[in-house]
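Heads up, the thing below is written out as structure tokens.
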Amino acid sequence: MTRKILIVEDDPATASYIAKGLAEIGFAVESCDNGRDGLFLASEGIFDLIIADRMLPGLDGLAMVGAIRAAGIATPVLILSALASVDDRVDGLRAGGDDYLCKPYSFAELTARVDALLRRRERGAAENQPIKLTVGDLEIDLLARKVSRQGRLILLGAREFNLLEYLARHAGQVVTRTMMLEKIWNYHFDPGSNVVDVHIGRLRRKLEEGFNTPILHTVRGAGYRLSLDA
């Protein structure tokens, strides 16, 4: 899946340059120009990496990063700054930054650091990755990519499996259509179709036909929830 990067930079030319370069090498990029909006977007928890300027209006970069960490959000943060002294770099890392890149910098170095942070994040995620997900009487084997309910094997296509895994990782929570479009289809816009509802309908039939208890619920006006509770 395409990895998502949030850029928090108040200089339009710099933000555009970084966003364009990252998009060209395959990243999905979203930008904002102040610390308050950066904190709000980061709190959604949908980004794989945050690139943040240190000197930001509204809420400066270090305060923003500190608030992100205080909220329990572990998304890696690469801080960009013209402040290049040892004390400045230490302050940035102690505030919660994972790396600190001093201006001016080359785009090659920026991407190298982005790749390093993402590799570190993915290694950590792999080490903590569960082998199976269980929701009530539904079991999902992530390694074998097999699904069973009450011990009965349920055959799913690749997209259906990915959709079910995403719902199961948010079991008991409402998952919106927008969330599914972004995570499963990598759409960052409304395609104007019912692609989510069609796939949910197919998945629901496979999960519920022959069973007494529904498990995939429609939350009217909001989205869907995977749970044995109505």
Candidate set: segment 9-42, residues that are of a type in the set (A, V, I, L, M) and over 19 Å from the mean Cα position of the chain (by Cα); chosen: the one surrounded by the fewest Cβ atoms within 10 Å (Cβ to Cβ) = Ala13
So which residues in segment 171-181 are open to solvent by 50 Å² or more (accessible area, probe 1.4 Å), out of contact with any Lys or Arg (no Cβ under 8 Å at 6 or more places or on another chain) and either of a type outside the set (Lys, Arg) or not in a helix (DSSP H, G or I) (or both), if there are any at all?
-> Thr178, Met179
Of the numbered conditions (1) open to solvent by 30 Å² or more (accessible area, probe 1.4 Å); (2) closer than 22 Å to Phe27 by Cα; (3) in a loop (DSSP other than H, G, I, E, B); (4) touching a strand residue (DSSP E or B) at 6+ places or on another chain (Cβ under 9 Å), Ala74 fails exactly one; give the number of that condition.
-> (4)
Can you find a residue in segment 31-44 that is touching a Gly at 6+ places or on another chain (Cβ under 8 Å), free of Cβ contacts under 8 Å to residues at least 60 places away in the same chain and not in a helix (DSSP H, G or I)?
-> yes
For segment 50-62, does any single residue satisfy the condition of being charged (D, E, K, R), assigned to a helix (DSSP H, G or I) and out of contact with any Cys (no Cβ under 6 Å at 6 or more places or on another chain)?
-> no
Given the residues Ile200, Ile184, which is the only one that is under 27 Å from Thr2 (Cβ atoms), over 19 Å from the mean Cα position of the chain (by Cα) and open to solvent by less than 50 Å² (accessible area, probe 1.4 Å)?
-> Ile200
Give the number of residues within segment 208-230 that are open to solvent by less than 30 Å² (accessible area, probe 1.4 Å) and outside any loop (DSSP other than H, G, I, E, B).
-> 5
Check on Asn186, farther than 16 Å from Leu167 by Cβ, touching a Ser or Thr at 6+ places or on another chain (Cβ under 6 Å) and of a type in the set (S, T, N, Q) | yes
Hey, any hits in segment 140-152 for a residue that's under 20 Å from Arg205 (Cα atoms), modelled with pLDDT of 90 or more, surrounded by fewer than 11 Cβ atoms within 10 Å (Cβ to Cβ) and of a type outside the set (Val, Ile, Thr)?
-> yes
Which numbered condition Arg205 fails, given (1) among the basic types (Lys, Arg); (2) crowded, with 17+ Cβ neighbours inside 10 Å; (3) free of Cβ contacts under 8 Å to residues at least 24 places away in the same chain = (2)
Residues within segment 214-230 that are touching a residue at least 40 places away in the same chain (Cβ under 8 Å) and either under 30 Å from Val29 (Cα atoms) or of a type in the set (Val, Ile, Thr) (or both), tallied = 7
Residues of segment 49-79 being within 22 Å of Glu109 (Cβ to Cβ) and of a type in the set (Asp, Glu), in sequence order, are Asp53
Would you point out the residue of segment 88-121, among those that are of a type in the set (Ser, Thr, Tyr) and more than 20 Å from Gly26 (Cβ to Cβ), that is most open to solvent (accessible area, probe 1.4 Å)?
-> Tyr105
Residues in segment 124-134: is at least one within 19 Å of Ser227 (Cα to Cα), open to solvent by less than 20 Å² (accessible area, probe 1.4 Å) and either hydroxyl-bearing (Ser, Thr, Tyr) or not in a helix (DSSP H, G or I) (or both)?
-> no
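The values are calculated or read from the model by the stated rules, or taken from the named source; none is laboratory data. Bear in mind that the values here come from a model prediction, so they are computed numbers and not experimental data. Glycine also receives a Cβ, built like all others from the backbone with ideal geometry; neighbour counts cover every protein chain displayed. Heavy atoms of the whole protein, side chains included, go into the accessibility calculation; ligands, DNA and RNA do not. Shrake-Rupley method; radii C 1.70, N 1.55, O 1.52, S 1.80 Å.
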